[in-house]
């Protein structure tokens, strides 16, 4: 018996491949985006307490109401947006799930979706599995800015959606207010839907203001905005996030959600509802992670790699074109095997494998981890 694959050109993600290789080689994993330091003891204690108090059964399909209420309060403080916790927020098992569900909610066969490359690796498979067509636009290298004129040229009556991501994975680029104005001018007067991946909303540096779609009511009404608790609270393995949209859009989102996940991890939701009252935990996150980025930069100055600056996320990219013509995948594998340092080759984030001789490093690690990694690179 054979299965006709819905994703015939897709293999195992580069994150799994490089992380497995890192395990085999006992390498430091600066590839996959996860912290190697402990998360908040207060938050893990709240989860433990919720379990012991018996909050272990299903919560509401749309998420624990107290958690959604606390999220709405947070959003109003941060972005001056009034979000109805009953109709506008759904708790999901991670940000990637929220993105997939948003695509599945809106896409019909042969719809087109504008995707900026390099792109987080789930976007294109999410589109293709729904029978739609990714329309690819390359960010301008090396700054990874959006070429808005090209976007305008690729918009047509088949364009169903544009997906944006800020702070950007894998590059660490962030959208400006001018980018938002360009986006607004493109979608105005159309039926184009925006999917906004904002899982790194609090991991933004250099005193840059996060241009959340939640700041713009006219854009929010045509958007699905996706977030991750895992990135905010250093618990990527919990796989819990949420999506915000207009009531009409969220009604359709929930039709898909109810038959896929139905209900997310209950004790974690009770804990998060309490922990959201600790505003410093997310308000100070940007400065905390910027210190790690800056420390990693200072270490990497000793190497021949050339910095491509990041202004957000867990990641920073480095070019090696100045000392090698080796393919980025080959170099990433060789560094893992020979130097025991795992990275991610940037060509993996392009459908056609565009190779600009760049590797992505995750700096969301303990200082000693970063120090050891760079020592190995220097050898």
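What is the packing order of peptides 77-84, 313-320, 332-339, taking the mean over residues of other C-beta atoms within 10 Å and listing the highest first?
313-320, 332-339, 77-84
Rounded to the nearest 500 deg cm²/dmol, what is the calculated helix-only ellipticity per residue at 222 nm for the chain, with -39500 (n - 2.57) per DSSP H run of length n ≥ 4? List each step's numbers first, then the result.
On the way: 15 runs with 144 residues, N = 379.
Calculated at 222 nm, the ellipticity per residue is -11000 deg cm²/dmol.
Return the whole-Å distance between the Cα centroid of region 84-157 and the Cα centroid of region 205-222.
17 Å
Packing-wise, with mean Cβ within 10 Å as the measure, how do 58-65, 354-361 rank, highest first?
354-361, 58-65
Take every DSSP beta bridge with both residues inside region 187-259 and express the antiparallel ones as a percent of the total, to the nearest 5.
55 percent
Connecting C-alpha atoms closer than 10 Å in a GNM of the chain, tell me which of 159, 96, 190 has the biggest fluctuation.
Greatest mean-square fluctuation among the candidates belongs to 190.
Hey, what did the chain get for relative contact order, percent, Cα under 8 Å, at least 6 apart?
Relative contact order for the chain comes out at 25 percent.
Out of all DSSP beta bridges in the chain, what portion is antiparallel? Express it as a percent rounded to 5.
Antiparallel: roughly 50 percent of the beta bridges in the chain.
For a quick check, take a GNM of the chain with Cα springs below 10 Å and name the residue from 214, 30, 307 with the largest mean-square fluctuation.
Greatest mean-square fluctuation among the candidates belongs to 307.
Mind computing the radius of gyration and Dmax over the alpha-carbon atoms of region 90-226? Å is fine for both.
13.9, 42
Given a 10 angstrom Cα cut-off, can you work out which residue in 51, 250, 300 is the most mobile in a GNM of the chain?
Per the Cα network of the chain with a 10 Å cutoff, 51 tops the list.
Compactness ratio of region 7-110: Cα Rg over 2.2 N^0.38 Å, N = residue count?
The value comes to 1.48.
I'd like the per residue volume of the convex hull spanned by the Cα atoms of the chain, given in cubic angstrom.
153 Å³
Since every read-out is calculated from the coordinates, none of them should be taken as a lab result. These numbers were taken from a predicted model, which means no experiment stands behind them. When we count neighbours, we look across all protein chains shown, and the Cβ atoms used for this are built from the backbone with ideal geometry, even at glycine.
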